[in-house]
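Novice: Have a look at this one.
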Amino acid sequence: MNRKEFLQNSLILGGAGVLPVNSVFSASINESGMDKLVDANGNFIQQSLPYPENHLEPYMDAETMHLHFTFHHGGAVKAANNDLKKIKEALDSNPETIDFWTKKLCYHFSSHILHSIFWTNLSNKPTSPSGELLRRIEKDFGSYDKLKTYIAATSKTIDGNGWGILGYQPYSDSLMVFQCENHEKLTQWGVIPILVIDVWEHAYYLKYKNKRTDFVDALFNILNWENAAQRLDSALKLTK
Ligand code: MN3
């Protein structure tokens, strides 16, 4: 096997390590109508926002929503498609550049995944956890109030740009809270995000300026725990 064949096989195998899980997950979530991140040809696509840009006022202003959705999330989708193209080109002619584009794809695709979840995690109606989600929150964190304290503190204190994440970890069959730096660092293998909090400055700076803590506190008015519960149900079905 020459270097090019090796890299092609590695890409396929590497993809096999990641893509079936994500494909199955996407298929499962697609059935409940939440996420569709790729088209039939494997190109990344951005779904429309599930509500108008002013839907989350006053907690999230329409201008921030417009810029965030169109240029930050939308930009990541375009860039992820370019990364895929560059990886294919590198396999044909320039394998020494492949590590650069592989890192970029992790970064941009992770941004696409987290933003796609984030929009559906928000609602202009107050919600709170119930059913299996509430039962697991109480089992894993003690109470809903303790989880709120935990995820707020986690989100407020991320170094630089990143995300506070509540996820279902199938390897321990438990909910986990963690800090993600950028879009892809400090995660755990296997975890499926069910509620994500974007604390990149672009998510709040127009309205909240440097007050990230005020933004995170305000977000608790618009977190959609019903969507998180649906995501938990999908994750449990997928991994059982
Ligand atoms: Mn963002």
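The values are calculated or read from the model by the stated rules, or taken from the named source; none is laboratory data. None of the values given here were measured: they were computed from a predicted structure. Cβ sites come from the backbone with ideal geometry, for glycine too, and all protein chains shown count toward neighbours. Please note that ligands, DNA and RNA were not included when accessible areas were found on the heavy atoms of the full protein model with its side chains. Shrake-Rupley method; radii C 1.70, N 1.55, O 1.52, S 1.80 Å.
Novice: Which of the numbered conditions does Lys78 fail, given that it passes all the others? Conditions: (1) of a type in the set (D, E, K, R); (2) open to solvent by 40 Å² or more (accessible area, probe 1.4 Å); (3) at pLDDT 95 or above; (4) more than 16 Å from the ligand (Cβ to nearest atom).
Specialist: (4) is the only condition that Lys78 fails.
Novice: Now a separate question. In the list Thr154, Thr102, Thr64, which residue meets the criterion of being β-branched (Val, Ile, Thr) and open to solvent by 20 Å² or more (accessible area, probe 1.4 Å)? Write out each step before concluding.
Specialist: Details: Thr154 fails: open to solvent by 20 Å² or more (accessible area, probe 1.4 Å); Thr64 fails: open to solvent by 20 Å² or more (accessible area, probe 1.4 Å).
None of the other options fit; the residue is Thr102.
Novice: Which residues, taken from the stretch 44-55, are surrounded by 15 or more Cβ atoms within 10 Å (Cβ to Cβ) and either within 14 Å of the ligand (Cβ to nearest atom) or β-branched (Val, Ile, Thr) (or both)?
Specialist: Across the stretch 44-55, the qualifying residues are Gln46, Leu49.
Here's the yes/no breakdown for (1) open to solvent by 20 Å² or more (accessible area, probe 1.4 Å); (2) touching a Ser or Thr at 6+ places or on another chain (Cβ under 7 Å); (3) within 27 Å of Glu63 (Cβ to Cβ); (4) more than 16 Å from the ligand (Cβ to nearest atom):
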{"residue": "Trp200", "(1), (2), (3), (4)": "yes, no, yes, no"}
{"residue": "Lys207", "(1), (2), (3), (4)": "yes, yes, yes, no"}
{"residue": "Lys211", "(1), (2), (3), (4)": "yes, no, yes, yes"}
{"residue": "Asp214", "(1), (2), (3), (4)": "yes, no, yes, yes"}
{"residue": "Leu219", "(1), (2), (3), (4)": "no, no, yes, no"}
{"residue": "Trp225", "(1), (2), (3), (4)": "no, yes, yes, yes"}
{"residue": "Ala228", "(1), (2), (3), (4)": "no, no, yes, yes"}
{"residue": "Asp233", "(1), (2), (3), (4)": "yes, no, no, yes"}
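Novice: Does any residue of the stretch 124-132 turn out to be in a helix (DSSP H, G or I) and away from the ligand (no atom under 16 Å from the Cβ)?
Specialist: Going residue by residue through the stretch 124-132, those that are in a helix (DSSP H, G or I) are 131-132.
Next cut, away from the ligand (no atom under 16 Å from the Cβ) only: 131-132.
For the stretch 124-132, residues in a helix (DSSP H, G or I) and away from the ligand (no atom under 16 Å from the Cβ): present.
Novice: Please go through (1) open to solvent by less than 10 Å² (accessible area, probe 1.4 Å); (2) touching a helix residue (DSSP H, G or I) at 6+ places or on another chain (Cβ under 6 Å); (3) assigned to a helix (DSSP H, G or I) for Leu195 and return the number of the only condition it doesn't satisfy.
Specialist: Among (1) open to solvent by less than 10 Å² (accessible area, probe 1.4 Å); (2) touching a helix residue (DSSP H, G or I) at 6+ places or on another chain (Cβ under 6 Å); (3) assigned to a helix (DSSP H, G or I), the lone unmet condition for Leu195 is (3).
Novice: Of the residues Gly167, Gly131, Gly160, Gly142, only one is exposed (fewer than 14 other Cβ atoms within 10 Å of the Cβ) and within 27 Å of His55 (Cβ to Cβ); which?
Specialist: So the residue among Gly167, Gly131, Gly160, Gly142 that is exposed (fewer than 14 other Cβ atoms within 10 Å of the Cβ) and within 27 Å of His55 (Cβ to Cβ) is Gly131.
Novice: Identify the single condition in (1) open to solvent by 40 Å² or more (accessible area, probe 1.4 Å); (2) away from the ligand (no atom under 16 Å from the Cβ); (3) over 19 Å from Asn227 (Cα atoms) that Thr70 does not satisfy, given that it satisfies every other one.
Specialist: All conditions pass for Thr70, except number (2).
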